[in-house]
Amino acid sequence: MSATRGLEGVVATTSSVSSIIDGVLTYHGFNIDDLAHYASFEEVVFLLWNGRLPKEQELKQLTEELASYAEVPQGVIEQMKMYPLDKIHPMAALRTAISILGLYDTEADDLSEAANRRKALKLQAQVQTVVTAFSRIREGKEPVAPRKDLSFAANFLYMLKGEEPDEISVNAFNKALVLHADHELNASTFTARVCVATLSDIYSGVTAAIGALKGPLHGGANERVMAMLMEIGEVNNVEPYIMNALSNKVKIMGFGHRVYKDGDPRAKHLKEMSKQLTTITGEPKWYEMSVKINEIVTSEKGLLPNVDFYSASVYHSLGIKHDLFTPIFAISRMSGWIAHILEQYSNNRLIRPRAEYVGPEKQEYIPISQR
Ligand SMILES: CC(=O)SCCNC(=O)CCNC(=O)[C@H](O)C(C)(C)COP(=O)(O)OP(=O)(O)OC[C@H]1O[C@@H](n2cnc3c(N)ncnc32)[C@H](O)[C@@H]1OP(=O)(O)O
Ligand SMILES: O=C([O-])CC(=O)C(=O)O
């Protein structure tokens, strides 16, 4: 028995939710490039959960169901107000609030298909209400209630800022949600599947997944990309900063990937969006700095940008606080986690691999008084 570090290359399950084959990402066989161009996030949610694109009536029904579940119980809001607001990261707040949502759901432990479907809708609808409510509460403002007439993407920006967003922002945010929705057996999705494979409930599965997404080697990288851009400050500082970091073996956030060695197919869409949005906001430097970092890291290390790199300047241009970048990832990835959780339940077996033991053997127990 010998271990593979980080389970690299290990095929741990079958799945029909999404695939990465020869560097091409598909959701249920639909190329991410087509979905990024044409699909609404709601359509992608339907696709991930049902394995096919919705007909008009089905999309309308899903949109209405998401809207009807979007308000969170008042108790969840009241508890958020009691969090140590000035000390906590929104990902920690989200992890806790999603777990608390489970306390308010009388069906939490009902694993029937019908109850799981309702919980899926509630979680997908409520995750962005929680993120935006937390963001406002910590600023001393009241949360803004979701609106039934707005799309999922528009509702996020509306609840965050309290005013109706413009079309360019909504389209950009929708595309970002589509691009982040699922990604085969990434660390947070694997975490969710391991959790529910014990026949634990959906709330436990997605709470565990949020914990895994939070780390800087996974979803937490996008916030750190923006921190790096802010620290560098301007294009002329890019080269000395990056060369110094690389020579000190500091990892450049937003580069490299366990699976993609020839580039992440989502990055080009975000790069284009970054160019467009930073031009509109009159702050092209964030795009220009990103491109320069990209050139240096690729030529020096052969590393290419992943989904987290250009998304940083995209979200910044949408006027979103930097520590909300990873919660936004969670809002989108909720759809993928749920699809994988439902797939896991439908063909479940406990996930329990082995460890190769490398510790000492045949130790003699010595009473504490003689140690
Ligand atoms: C949505 C997502 O989760 S996408 C990933 C988001 N995470 C990041 O952007 C964080 C930065 N990137 C990384 O840490 C890595 O590339 C990962 C975690 C994404 C993939 O990691 P792995 O497949 O385990 O590669 P690993 O970390 O072993 O790196 C292999 C080599 O490339 C180097 N390397 C990998 N990524 C980077 C990077 N971003 N900057 C500098 N060097 C890097 C490593 O230092 C290592 O070098 P060595 O062999 O000389 O020690
Ligand atoms: O697949 C991974 O390892 C990480 C990733 O890009 C994602 O979750 O979107």
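The values are calculated or read from the model by the stated rules, or taken from the named source; none is laboratory data. What you are looking at is a predicted structure, and each value in this text was computed from that prediction instead of being measured. Positions of Cβ are generated from backbone atoms using ideal geometry, with glycine treated the same way; all protein chains shown enter the neighbour counts.
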Residue within the stretch 234-253 that is within 8 Å of ligand 1 (Cβ to nearest atom), of a type outside the set (Val, Ile, Thr), in contact with a helix residue (DSSP H, G or I) (Cβ under 6 Å, 6 or more places away or on another chain) and not in a helix (DSSP H, G or I) present: yes
Selection within the stretch 193-218 - within 21 Å of VAL10 (Cα to Cα) and under 13 Å from the mean Cα position of the chain (by Cα): ALA209, ALA212, LEU213, LEU217, HIS218
Within the stretch 20-134, helices (runs of 4 or more DSSP H) holding 2 or more residues that are under 23 Å from ALA212 (Cα atoms): 41-50, 74-82, 90-103
Condition met for TYR260 (more than 12 Å from ligand 1 (Cβ to nearest atom), among the aromatic types (Phe, Trp, Tyr) and outside the structural domain of LYS175 (by TED's automatic domain parsing)): no
Counted residues, the stretch 139-181 - those being charged (D, E, K, R), surrounded by fewer than 21 Cβ atoms within 10 Å (Cβ to Cβ) and either in contact with a strand residue (DSSP E or B) (Cβ under 6 Å, 6 or more places away or on another chain) or not in a loop (DSSP other than H, G, I, E, B) (or both): 2
Enumeration of residues in the stretch 5-33 that are away from ligand 2 (no atom under 15 Å from the Cβ) and touching a strand residue (DSSP E or B) at 6+ places or on another chain (Cβ under 9 Å): HIS28, GLY29, ASN31, ASP33
Candidate set from the stretch 171-217 (those that are more than 16 Å from ligand 1 (Cβ to nearest atom) and hydroxyl-bearing (Ser, Thr, Tyr)); member that is farthest from SER40 (Cα to Cα): THR198
Count of residues meeting criterion [surrounded by fewer than 20 Cβ atoms within 10 Å (Cβ to Cβ) and of a type in the set (A, V, I, L, M)] in the stretch 1-60: 11
Qualifying residue in the stretch 296-304 (condition: more than 14 Å from ligand 1 (Cβ to nearest atom), crowded, with 17+ Cβ neighbours inside 10 Å, part of a helix (DSSP H, G or I) and touching a residue at least 40 places away in the same chain (Cβ under 8 Å)): no
Any hit, the stretch 230-244, residues being surrounded by fewer than 19 Cβ atoms within 10 Å (Cβ to Cβ), away from ligand 2 (no atom under 14 Å from the Cβ) and in the same structural domain as ALA330 (by TED's automatic domain parsing): no
Scope the stretch 315-335; condition within 15 Å of the chain's Cα centre (by Cα) and more than 12 Å from ligand 2 (Cβ to nearest atom); matching residues: TYR315, HIS322, ASP323, LEU324, PHE325, PRO327, ILE328, ILE331, MET334, SER335
